[in-house]
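Report on the following structure.
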Amino acid sequence: MVAELKGSRPRLAVENSPAQQHLERVRAFYDATPTSLMWGARCYRTLLAHYYNLLIPRDATVLEIGCGSGELLGRLNTSRKTGIDISAVQVEAARARLPEAEFYVAAGEVLVLPGSFDFIIISDTLNLAADVQRLLEQVHTVSHADTRVIINFQNTMWRPLLSLAAMLGLKAKQPQNSWLASSDVTNLLDLAGWEVIFHEGRILVPFPALGVGSFLNRWFAPLLQWFCLTIFFVARRQPVASAECGSQIANSPTSQAHSDGAGGLANPQSAIRNPQFLTVSVVIPARNEAGNIAAAVERTSELGGGTELIFVEGHSRDETWAEIQRVVQANPDRKIKALQQTGRGKGDAVRAGFNVATGDVLMILDADLTMPPEELSKFYDVIASGRAEFANGVRLVYPMEEEAMQFLNLCANKAFGLIFTWLLGQPVKDTLCGTKVVSRRHYERIVANRAYFGDFDPFGDFDLLFGAARLNLKIADVPIRYRERTYGTTNIHRWRHGWLLLHMVVFAARKLKFV
């Protein structure tokens, strides 16, 4: 399908303004530009598509703003594809290349489309925009609560080399454009009501070079991000008052037309953020923790619309299972489930508990209670308010009780926090705190995409962390006051489990960075 939105030439509200004149120059340039790309540009688009396919699930709906002749969209492994471009000539070529997709002639600054999209791509287009802030504001009209905006643009460090390549005829020329820095893009996203989740550099060599380029891009680009050609940004709607993303768009006919729809500025997260409606399931894996079961129930308060406790007993050698049954009978006013683990390991226990959970928010609470159950309300508030989509407990901020963590364990935890912050692209100070919290709908998406990582995690923490990072969920560290055990001994074996953690670092690097 090809359509043209509101006239033959996309126009801003102010005729003959410098911005409108810029759009006209860009349109005229690309109307006169061949629709087939040079060899180097095709190689570059292939590399871009590789990274976009790592960020976007196959079942997602995608809109590309500034799609050109559809070279990038054609390489994406997604279900529904839509593209817009200011050049009718380029859009016709895109339609011929991808007859199953939908294409419109439009500028991003005056975007009007029905419905909403899971992912919105702005690939090497921001620098050509007449008004970047307005374009990013307009993106709200085609987004929903979980929409992710993915932007890539070229590193300003490469400007001299790219200019030389264009002069020598090795790179296609472009109309007059901006050269935005990462700080510029971060600021413009913030002004337009978008929150950056992470950004990273990719592509050291934009062509195969007999395999050398592929080798350098996979193994060296993650370590030399400052020098990479392309910078990727992933952003989500700001959690508070997306409708306040600017009076220019809020008062426009476009925003009025979409304010009540799924893709409008009225924030569809508001309903799920109301604390009185969100129910909670707290999964408590318990192995040799008989002395902590009663306290776990007494100290875990009712949150939101109600809290259910799910004990998962895991082949204990003490009276843990009998104590769980006793506590269930002694607390008929509490919603408590109890099951015995058939598999092994905390990860298996967490998945078993989540499988029977009914709450809107899913929590993990270690039965040793070194993470005080009274602090679960902090995690609830983070998810219910929309400030993040995955809440990760952190033990390394506040002072600990003297025997809470041994010195070598503390050093290892700090080291793993630094490594995983780099791996995930988001600050994660403490990967091994047992408390992780995520909404049910996001957990279901993690499960649906679990095949990418496979069943690799005996702890359960990393399956969730990696899954959240893979789905570009916003991760927030929630500091807690870590306490000493009052019953039993730890189930963690420093050296054996430390070796497993190193193995998972390598595993994650192969899946998330060196790809």
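Read-outs throughout are calculated quantities, based only on the coordinates presented, and are distinct from any laboratory measurement. None of these values were measured; they are calculated from a predicted model. So basically every Cβ, Gly included, is an ideal-geometry build from the backbone, and we count neighbours across all protein chains shown.
Placing +1 on the Cβ of each Lys and Arg and -1 on the Cβ of each Asp and Glu in the chain, which of Pro372, Leu73, Gly115 has its Cα farthest towards the positive end of the resulting dipole? Of the candidates, Leu73 comes out farthest on the positive side. Extending 7 Å from the Cα toward the beta-carbon at both Met400 and Asn187 defines two label points whose distance is 4.2 nm.
Of all segments of the chain bounded by trypsin sites (Lys or Arg not before Pro) found in a DSSP loop with no more than 14 other C-beta atoms within 10 Å, the longest spans 345-515. Taken over the alpha carbons of segment 59-143 as equal point scatterers, the Debye sum produces base-10 log I(q)/I(0) values at 0.20, 0.23 Å⁻¹ of -0.85, -1.13.
Taking Cα atoms only, the orientation of helix 345-356 departs from the longest principal axis of the chain by about 80 degrees. Spherically averaged projected area of the convex hull of Cα atoms, the chain: 25.2 nm².
Kindly provide log₁₀ I(q)/I(0) values, in the same order as q = 0.07 Å⁻¹, from the Debye equation applied to equal alpha-carbon scatterers of segment 272-513. With no solvent term, the Cα-only Debye profile gives -0.21. Its Cα centre serving as origin, the chain has a Cβ charge dipole (Lys and Arg +1, Asp and Glu -1) of approximately 1360 debye. Potential lengthening of the chain between Asp381 and Ser36 amounts to 119.0 nm, from the contour at 0.36 nm per residue minus the alpha-carbon distance. Summing +1 for each Lys or Arg and -1 for each Asp or Glu among the other residues whose beta-carbon sits under 11 angstrom from that of Arg334 gives -2. Under a 5 Å amide H cut-off, with hydrogens placed 1.01 Å from N, Ile336 pairs with Leu309 among residues at least 5 apart or on other chains. Among the chymotrypsin sites (Phe, Trp or Tyr not before Pro) in segment 154-216, those placed in a DSSP loop whose Cβ has at most 14 other Cβ atoms within 10 Å are Trp179.
Once the Cβ-Cβ distance of Thr358 and Thr46 is raised to the sixth power relative to R0 = 60 Å, the FRET efficiency obtained is 0.85.
Each residue of segment 72-78 is assigned a 3J(HN,Hα), and the resulting list reads 6, 4, x, 9, 8, 9, 10 Hz, derived from the Karplus form 6.51 cos²θ - 1.76 cosθ + 1.60 (θ = phi - 60°), x at Gly and Pro.
Between Leu502 and Glu374, the modelled labels are 4.0 nm apart [label points 7 Å from Cα along Cα→Cβ].
For the set Lys81/Lys513; Lys474/Lys511; Lys378/Lys511, the pairs lying more than 22 angstrom apart at their alpha carbons are Lys81/Lys513; Lys378/Lys511. Net length available on complete extension from Val447 to Glu484 is 10.0 nm, with 0.36 nm assigned per residue and the Cα-Cα distance removed. Taking other residues whose beta carbon is less than 13 angstrom from the beta carbon of Gly74, and scoring Lys, Arg as +1 and Asp, Glu as -1, yields +3. Report the charge-dipole magnitude of segment 272-513 in Debye, nearest 20, computed about the Cα centre from +1 at each Lys and Arg Cβ and -1 at each Asp and Glu Cβ. That gives segment 272-513 a dipole magnitude of about 940 debye. Grouping the Cα pair distances of segment 111-193 into 10 Å bins from zero gives a pair-distance distribution of 16, 44, 26, 13, 1 percent in increasing distance order. The calculated FRET efficiency for the pair Arg58 and Ala165, based on their C-beta separation and a Förster distance of 35 Å, comes to about 0.55.
Length gained on full extension, Gln340 to Gln325: 4.3 nm, using 0.36 nm per residue less the C-alpha separation.
How much net charge surrounds Lys173 when only the other residues with a Cβ under 15 Å from the Cβ of Lys173 are counted, with Lys and Arg +1 and Asp and Glu -1? Once positives and negatives cancel, what remains is +1.
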